[in-house]
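*Asks:* Take a look at this one; I'll ask things after.
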Amino acid sequence: MLIVCAMLSKVRTASHRGASRVTRLAALPLTALVVALTGCAVSTLPQPSGGAPATAATSGSGTPGPAVASTPTPTGAAGGEDTLVVEPDQGMGAVYQAMAGAQHSIHLVMYELEDSTAVSDLIQAERRGVAVRVILDQAYAKSENQSAYAALVAGDVDVHWSSTQVDITHQKTLIVDAREALIMTGNLTPQYYASDRDFVVEDTDPVDVAAIGAVFDAYFANTPVVPSSGDDLVWSPGSEPALALIIQGARKQLLVENEEVSDPEIVSALEAAAARGVDVEVCMTDSSSWNSEFDALVHAGVRVVTYTADASLYIHAKVIVADPGTGAEKAFVGSENFSSTSLDRNRELGIVLEGSAIDSHLATVVEGDISGATAWSAS
């Protein structure tokens, strides 16, 4: 049996390029904050909520579900131990600490940057002699990024608008001192910190970090580049086959969270998984945009469960966990939505983890999200 968890909500999506950007009903109100830069222009940015306490998942009717664990989970890697951070439970402390702890360099690629604390940390790092470089999306989120861009320029941070060689720069990564890379599913947007299910993986594999850094350098210079997959990276454009392969390789169970589901190959892979008897649990955003895909999945043996628009938990993560608890366990965490735009045309980045403690932690979180949801019925 295949189970899909979704949230009924207005969707802000990078894949619908012609669609108007709307704020989710469950989003918190924005709070204006003046970021004062000595001798520089003043920019306004939303006040971040900071570290949110551990919270329970909320069901489709608004009833709290079981709380999820909020302790970082280490996993072995070629360069040391990687760490998983679960949002909204743990807050953004890991990201702020990484910026504040940088000694030599910071390379940030971000689809949306509206976090005044992160902007301040970047400026302060530049002032203490750290070489800070930032790339922000201009194809779809330029208006959201404009205040942060202006503040960073005023703070003497080397910030560039994204390359036009891809449709949208939806990647969310932070490289610190060329030794660790934070690969994120969420943006630096404080108005969603208290509600969004997102994940951060700290990747310390030097091969991965070097590969991400090489793409950053080329992208920053606006020169063509063919990204290296490192030891376990998944890049867009071109990530569709890699994600479909994870789904196709599952033999017992699949756990998935995503915000969009319109890519035909991914939908077909999920249907095929159901047909061969794999128990798949997928948690993603429900919208009328995905009704035809949900219908197809349900008629293929998929059970869809949803969250309502006013639930306190919003599923924004992009995660796949295959065969958790077995020797064949494998997980994906990244920025890729299940849309053709995201997989084939955007700049996106994710990571594949095999047989790690992160896999089991991801499985626990997604299962907790699913347990609080309500069944969705096909037409």
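Values quoted throughout were computed directly from the atomic coordinates according to the rules given, and no laboratory measurement underlies them. This one's a predicted model, so the numbers in the text were calculated from it and none came from an experiment. Every residue, glycine as well, gets a Cβ built from its backbone with ideal geometry; the counts of neighbours run over all protein chains shown.
*Asks:* So what J values fall out for region 94-102 if you push phi through Karplus, 6.51 cos²θ - 1.76 cosθ + 1.60 with θ = phi - 60°, rounded to Hz, Gly and Pro as x?
*Replies:* These are the phi-based 3J(HN,Hα) values: 5, 5, 4, 5, 4, 5, 5, x, 5 Hz.
*Asks:* How high is the relative contact order of region 197-269, in percent, with contacts defined as C-alpha pairs under 8 Å that are six or more residues apart?
*Replies:* 23 percent
*Asks:* Taking θ = phi - 60°, what integer Hz values does the Karplus form 6.51 cos²θ - 1.76 cosθ + 1.60 yield along region 287-293, in sequence order, with x for Gly and Pro?
*Replies:* Couplings: 7, 4, 4, 10, 4, 5, 5 Hz.
*Asks:* Going by amide H atoms built from the backbone, whose H comes under 5 Å of the H on His160, apart from near neighbours?
*Replies:* Val134, Ile135, Leu136
*Asks:* Rounded to whole Hz and in sequence order, give me ³J(HN,Hα) for region 314-330 from the Karplus expression 6.51 cos²θ - 1.76 cosθ + 1.60, θ = phi - 60°, writing x for Gly and Pro.
*Replies:* 10, 8, 10, 5, 10, 9, 10, 10, 9, 6, x, x, 10, x, 9, 4, 8
*Asks:* Please tell me which of these pairs span more than 19 angstrom C-alpha to C-alpha: Lys142/Lys318; Lys172/Lys318; Lys172/Lys330?
*Replies:* Checking Cα-Cα distances, Lys142/Lys318; Lys172/Lys330 exceed 19 Å.
*Asks:* Using Cβ contacts closer than 10 Å as the measure, can you line up Ile246, Ile175 from fewest to most?
*Replies:* Ile246, Ile175
*Asks:* Could I ask something else about it? Amide H neighbours of Asp196 under 5 Å, at least 5 residues apart or on other chains, H built in the peptide plane: list them.
*Replies:* Here the answer is Tyr314, since their amide H atoms fall under 5 Å of that of Asp196.
*Asks:* Same structure, new question: What are the residues whose amide H is under 5 Å from the amide H of Asp279, where those residues sit 5 or more places off or on another chain and H is modelled from the backbone?
*Replies:* HN-HN under 5 Å from Asp279: Gln253, Leu254.
*Asks:* Would you mind computing, in nm to one decimal, how far apart the modelled labels at Ser288 and Lys252 are, each placed 7 Å from Cα along Cα→Cβ?
*Replies:* The two pseudo-label positions are separated by 4.2 nm.
*Asks:* Return Thr117, Thr364, Thr169 ranked ascending by Cβ neighbour count within 10 Å, so the fewest neighbours appear first.
*Replies:* Thr364, Thr117, Thr169
*Asks:* Order these by the 10 Å Cβ neighbour count, fewest first: Ser360, Ser287.
*Replies:* Ser360, Ser287
*Asks:* Mind giving me the nanometre distance, one decimal, between the label points for Ala178 and Asp158, set 7 Å out from Cα along Cα→Cβ?
*Replies:* 1.3 nm
*Asks:* Once R0 is set to 45 Å, what does the formula 1/(1 + (r/R0)^6) return for the Cβ-Cβ distance between Arg276 and Ser312, expressed as a FRET efficiency to the nearest 0.05?
*Replies:* The formula returns an efficiency of 0.80 here.
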